[in-house]
Amino acid sequence: MVTFSFRSMNTDILLAADGTPSRISEGFKETQQFIQASEGRFSRFSEQSELSDLNRSAGAPFQVSPDLFAVLALAQHFFHLTRGLFDPSILPDLRRIGYDQSMELIRMRGTAPLFETLLAGERPSFSEMDLDERRRLVLIPPGMALDLGGIAKGWIAEQAAIILSEYSSACAVNAGGDMFMIGLPNGEGQWPVAIEDPLQPQNNLTTIKVDPGAVATSAVTKRIWKQGDKQQHHLIDPRTGESARTDWLSVTVIASHTYEAEVFAKALLIGGPLESEEIAHKSGTQFSYLAVDHDRKIWGTQKSLEYIYVR
Amino acid sequence: MKIIRTALHYWFAIISILSFLVGWGMLAHSLKPIQPAQGTAGNTASLQALPPIQAFGNGLNFTAPSSQSNTGFPILRSGGS
């Protein structure tokens, strides 16, 4: 299997494919171009991105591309399905707690400034976003600003894998831990996926074996920074507007679609043990999860156990 | 008076038994950490001792920018970003 890695969307991208070398090289090139073009469309850190244009249009209808419309429709769907635990309109809260530029720049800056004038909760509900499918018009109310980070990354990974599959018999696209796999590698019955130890990222906690489809992980130990004396992380609890206080450090979800896995990983991590079973049952979506707590114990449904495979 | 006392005794006895059963039921159905049966893969007690990713792969490069390599089977990693 041939692999190709590069940086995009502020994360490591890995493409892997089986097939003839010349076709795979062609596929890698087209897939990389798609990922980089999508980053330009969905990034909230670029003033020129389509998402930034949409955020600036708050209060007036704005016509968006088919790709952005597709992701916004998914975001609206999952907002309702997770009863608001997944909420892309937390961008004002993210900015308030110091995540106002890319993580690479934040790490260079050191401690984030305090924004005392902005109080948590002073923002319209994401349910107020209005979508006109026929004309691809989007209306977000004044004061709303969207961050499609995770769900967009999952959607891009899946679309990229579909592009790559045109050039290969089996392939995978891994965007910083959010991955989509098509077909099966030569001689393999499933895809092995190592689950990172959230406390020691250089190590693996376990390895799972999954069928073609999606895996995504959310963790509170990755994008962290200091704001004053307070340690912040990027997973906002929409109910408080603050970095989520969770019993779990990371949640990995195995699902049919990468955006689905990404959304539920985030919602379960924020909801924690008390709400996870309810979210899983009431979502009406088929997925399994593995959660890692502060003692590195792995939690999940009994079905999750079937995926665990340790060499 | 004796009838009331007897009724109260029965009442407390029934409530105690019901509370015990409800508590037992709730604990039995609460979330538990995954504990695979002995002898199966995935015993959480052994997870911390697992070797790092390099031991699984064949020289896969997850971080180097713009690199293309022909490898054996790739080990994908998921850990959030």
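The residues A:Asp12, A:Asp93, A:Asp293, when put in order of fewest to most other Cβ atoms within 10 Å, stand as A:Asp293, A:Asp12, A:Asp93.
Calculated FRET efficiency, B:Leu18 to A:Asn203, Cβ-Cβ distance, R0 = 35 Å: about 0.15 to the nearest 0.05. Quick one: compute the contact order of chain A, relative version, from alpha carbon pairs under 8 angstrom and 6+ residues apart, as a percent. 18 percent. Pairs of Lys residues in the stretch A:2-305 are counted when their Cα atoms are under 20 angstrom apart and they lie 8 or more places apart or on different chains; the count is 12.
Considering only A:Pro192, A:Pro273, A:Pro201, the mean-square fluctuation computed in a Gaussian network model of chain A, springs between alpha carbons under 10 angstrom, is largest for A:Pro201. Among A:Arg23, A:Arg135, A:Arg56, which one shows the biggest mean-square fluctuation in a GNM of chain A, springs joining Cα atoms closer than 10 Å? Of the options given, A:Arg135 has the highest mean-square fluctuation.
Averaging Cα coordinates gives a centre for the stretch A:180-259 and one for the stretch A:53-102; these two points are 21 Å apart. Within chain A, the whole DSSP H helices whose Cα atoms reach 20 Å or more along their own axis and whose mean Kyte-Doolittle score is at least 0.5 are A:66-81, A:149-165. Given a Förster radius of 35 Å and the C-beta distance between A:Ser22 and A:Ser57 as r, what FRET efficiency does 1/(1 + (r/R0)^6) yield to the nearest 0.05? E between A:Ser22 and A:Ser57, to the nearest 0.05, is 0.20. Of all the options A:Val220, A:Val193, A:Val253, the one that moves most in a Gaussian network model of chain A with Cα springs shorter than 10 angstrom is A:Val193.
Just so you know, all these numbers are worked out from the coordinates, no wet-lab data involved. None of these values were measured; they are calculated from a predicted model. Here the Cβ is made from the backbone with ideal geometry for all residues, glycine too, and neighbour counts use every protein chain on show.
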